[in-house]
1. Would you kindly give the portion of the calculated P(r) for the chain that falls above 41 Å, as a percent of all Cα pairs?
2. Using Cα atoms only, what is the angle between the long axis of helix 364-382 and the major principal axis of the chain, expressed in degrees (0 to 90) to the nearest 10?
3. Could you give the alpha-carbon Rg of region 129-271 over 2.2 N^0.38 Å, rounded to two decimals?
4. Go through 313-319, 121-127, 61-67, 183-189 and give me the packing order, highest mean Cβ count within 10 Å leading.
5. Can you tell me the 0 to 90 degree angle between the C-alpha axis of helix 134-162 and the longest principal axis of the chain, rounded to 10?
6. For region 202-311, what are Rg and Dmax over the alpha carbons, in angstrom?
7. Gain in length, residue 293 to residue 45, computed as 0.36 nm per residue apart minus the alpha-carbon separation, to one decimal in nm?
8. How large is ³J(HN,Hα) for each residue in region 245-256, as worked out from phi by the Karplus curve 6.51 cos²θ - 1.76 cosθ + 1.60 (θ = phi - 60°), to whole Hz, x for Gly and Pro?
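Bear in mind that the values in this text are calculations on the coordinates, not laboratory data. This is a predicted model, so every value here is computed, not measured. Here Cβ is always computed from backbone atoms with ideal geometry, including for glycine, and neighbour counts include all displayed protein chains.
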Amino acid sequence: METRAVVTGGRAGALAAIFLTALALRPQIVGAGPLFPEIQADLEVSHAVVGLLGTIPVLCMGLFAPPALLLGGRIGTRAAMALAIGLIGVFGVLRALAPGLALIILLTWPIGIGMGLAGALAPVAIKERFADRPAFATGIYTTGIQLGSALSSAVAVPIAHAFGGWRTSLLIFSAISCGLFVSWLLLTTSEPPHARVAARPAGLPWGTPSAWLPVGLFALMGLCYYGINSWLPDSYVERGWSEGRAGVLIAVLNIAALPSSLAIPWLSDHRGGRPPFLVAMGAIFVVGLSGLVLLPGAGFLWTAVVGIAFGAMFPLVLTLPLDMEERPERVGAVIGMMLGVGYVLAAVSPFTLGAMRDLSGSFTGALWLILGIGVLFLAGCLAVTKERLARGSAAAHVSEP
């Protein structure tokens, strides 16, 4: 895989492009979560089947992370990111207009492929353009993801109620993604043409023990995140809340994530690195999940606590490969393995938790399972040290041919 020259000009435009592109990467999952009760009733399907609308994109984000790096090497991150956002927008529009369940599920796959390509390419694009401030730029990127998640989850149900149903909400999200595709191309116009280099792509670091630490953290975090975004509103409808009020929980979660998704990565660049902040956020995460299970009446409070933790955890974990490696192609290799394995494992969450609900008749067991996964995540955070990350980088360089 080629090593692109770091972009030195137009950094403000590049940062804006990364932020705006990130807005398109979660509404088709997170914005769809509050609509699941209406989609389920309209299509007359089980919780497990409607959970596929959350499972398929997350699975694609894992399966298509490694191929994304090859695509970026061939056509450049600018063109590859444009292709990814275009897939999300165009096939999102087609899915919103699709008449039946089978076609809706089929069209969810290319949406997920777009998410998978963009999710793997974005950290490489950041390393190429902002090698001097990776955590800050990653925080801008993840803030865009959180903002897109917050806005889509907040407006999904009101739009559906006002304009004829869940299809209208998904259609609007997809149309906005098409606009963001255009914004990416316009804001990156001044970048130099991509020059392919006939170098062998960096292999995924399967044999580097330290590389498996961010993989495990990312998988555990994803299991919790996509499980909560898919089923927390339904669990509160089950507890007697209205669909509109329960849907606001996801908006609260993602709005609460906004300040921490930018502030904590910035602090980690200047005060002690990633490890201490990961431990602190992991502990806050477990407190919030415990509240949702044990004191559900204060749902908005506990959801905000979980959101604060989520907002910081995502960029911190995503920055770990940037701490381990210097060269963009090596960063891409670790990112490819982390996202590939992590998202494939996380993909089981919406379907599995929905199936648990179908079998048990309650979301209580599913929430306890998410809490247990959160405790494992905190244990993993305690294992992250600067020395372990440095050993992972050294091992990767030694293993290179």
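1. 9
2. 20
3. For region 129-271, the normalised Cα radius of gyration is 1.35.
4. Per-residue mean Cβ counts within 10 Å order the peptides as 313-319, 121-127, 61-67, 183-189.
5. 20
6. Final numbers for Rg and Dmax: 16.1, 52 Å.
7. Roughly 86.6 nm would be gained on extension.
8. Coupling constants for region 245-256: 5, 5, x, 5, 4, 5, 5, 4, 4, 7, 5, 4 Hz.
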